[in-house]
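Q: Shown below is the structure under consideration.
The values are calculated or read from the model by the stated rules, or taken from the named source; none is laboratory data. Everything quoted here is computed from the prediction, not taken from an experiment. Cβ sites come from the backbone with ideal geometry, for glycine too, and all protein chains shown count toward neighbours.
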Amino acid sequence: GDSVTQMEGPVTLSEEAFLTINCTYTATGYPSLFWYVQYPGEGLQLLLKATKADDKGSNKGFEATYRKETTSFHLEKGSVQVSDSAVYFCALPQGTSYGKLTFGQGTILTVHP
Amino acid sequence: EPEVTQTPSHQVTQMGQEVILRCVPISNHLYFYWYRQILGQKVEFLVSFYNNEISEKSEIFDDQFSVERPDGSNFTLKIRSTKLEDSAMYFCASNLGTGAGEELFFGEGSRLTVL
């Protein structure tokens, strides 16, 4: 079945450092791809998404490009802030089912001042 | 901004007891979901619910589990005869159901600890 693999974490960075969190996927067809974020004490919330190949999703300075050649959707940010400390999840829908997502294992990001 | 709310935030129960986790989805949403995350593991889909019936469920969602929309606002997950391995964070989510690529709106989760 469809699956998502995220880089092993956790990731610890200093403020203003460059961030990359790798995500690769296995899927039939070309599903939408998502990054969700979970801030401490909160639920998961959508960070960004891309609905087709070569699309770039962006939000809050984060970007991810849907690359079908490498089956990847890596999350990047040029300059992280302490407030970006959270758990980041890559996800894709399971087939055409509504709301049935397959998540990666999550990457814990800690940003120090 | 509308949000999904869940209660309780944390519940501790003895093995074999029944637990009900409650959720209030966003009011105009039509599809409701439960996910769970066992500590250190992936977030896993449990069940989706539409028009007062289960639309899809995972292999995890066996006869021990049930869902219900008892009134116009609440959506509940019941776990009968809890086991140690049911200890997890349970997330409720909702959306309009426009397609597989639609965003899910999650609650903050209910942490269940089974002793």
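Q: Give the range B:21-65 a look and list any residue that's within 12 Å of chain A (Cβ to nearest Cβ), over 22 Å from B:E102 (Cα atoms) and in contact (Cβ under 8 Å) with a residue 12 or more places away in the chain, or say none.
A: B:I38, B:L39, B:F61, listed by residue number.
Q: List the pairs whose first member sits in the range A:18-37 and is within 11 Å of chain B (Cβ to nearest Cβ) and closer than 11 Å to A:S72 by Cβ, whose second member is in a loop (DSSP other than H, G, I, E, B) and charged (D, E, K, R), and whose Cβ atoms are under 9 Å apart, counting only residues at least 6 apart or on separate chains?
A: These pairs meet every condition: A:L33/A:D55.
Q: Would the range B:71-91 turn up any residue that is polar (S, T, N, Q), surrounded by 19 or more Cβ atoms within 10 Å (Cβ to Cβ) and within 12 Å of chain A (Cβ to nearest Cβ)?
A: No, the range B:71-91 contains no residue that is polar (S, T, N, Q), surrounded by 19 or more Cβ atoms within 10 Å (Cβ to Cβ) and within 12 Å of chain A (Cβ to nearest Cβ).
Q: Scan the strands (runs of 3 or more DSSP E) fully inside the range B:1-46 and keep the ones with 1 or more residues being in contact with a helix residue (DSSP H, G or I) (Cβ under 6 Å, 6 or more places away or on another chain) and modelled with pLDDT of 95 or more. If you could, list the steps in order and put the result at the bottom.
A: Working: elements: B:5-7, B:10-13, B:19-24, B:31-37.
Output list is empty.
Residue-by-condition table, conditions (1) surrounded by fewer than 13 Cβ atoms within 10 Å (Cβ to Cβ); (2) more than 25 Å from B:Q37 (Cα to Cα); (3) modelled with pLDDT under 95; (4) touching a helix residue (DSSP H, G or I) at 6+ places or on another chain (Cβ under 6 Å):
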{"site": "A:G1", "(1), (2), (3), (4)": "yes, no, yes, no"}
{"site": "A:E8", "(1), (2), (3), (4)": "yes, no, yes, no"}
{"site": "A:A17", "(1), (2), (3), (4)": "no, yes, no, no"}
{"site": "A:T28", "(1), (2), (3), (4)": "yes, yes, yes, no"}
{"site": "A:Y36", "(1), (2), (3), (4)": "no, no, no, no"}
{"site": "A:D54", "(1), (2), (3), (4)": "yes, yes, yes, no"}
{"site": "A:E63", "(1), (2), (3), (4)": "no, yes, no, no"}
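Q: Hey, any hits in the range A:36-46 for a residue that's charged (D, E, K, R) and in a strand (DSSP E or B)?
A: Restricting attention to the range A:36-46, the residues satisfying the condition of being charged (D, E, K, R) are A:42.
Narrowing the set further to residues that are in a strand (DSSP E or B) leaves none.
Scanning the range A:36-46, I find no residue that is charged (D, E, K, R) and in a strand (DSSP E or B), so the answer is no.
So that you can scan it fast, the table gives a plain yes or no per residue for (1) outside any strand (DSSP E or B); (2) of a type in the set (V, I, T); (3) within 12 Å of B:C23 (Cβ to Cβ):
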{"site": "B:I54", "(1), (2), (3)": "no, yes, no"}
{"site": "B:F61", "(1), (2), (3)": "yes, no, no"}
{"site": "B:E85", "(1), (2), (3)": "yes, no, no"}
{"site": "B:E108", "(1), (2), (3)": "yes, no, yes"}
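Q: Does B:E68 satisfy the condition of being of a type in the set (D, E, K, R), free of Cβ contacts under 8 Å to residues at least 40 places away in the same chain, in contact with a Ser or Thr (Cβ under 6 Å, 6 or more places away or on another chain) and surrounded by fewer than 20 Cβ atoms within 10 Å (Cβ to Cβ)? Reasoning before the result, please.
A: Numbers: of a type in the set (D, E, K, R): yes; free of Cβ contacts under 8 Å to residues at least 40 places away in the same chain: yes; in contact with a Ser or Thr (Cβ under 6 Å, 6 or more places away or on another chain): yes; surrounded by fewer than 20 Cβ atoms within 10 Å (Cβ to Cβ): yes.
Yes, satisfied.
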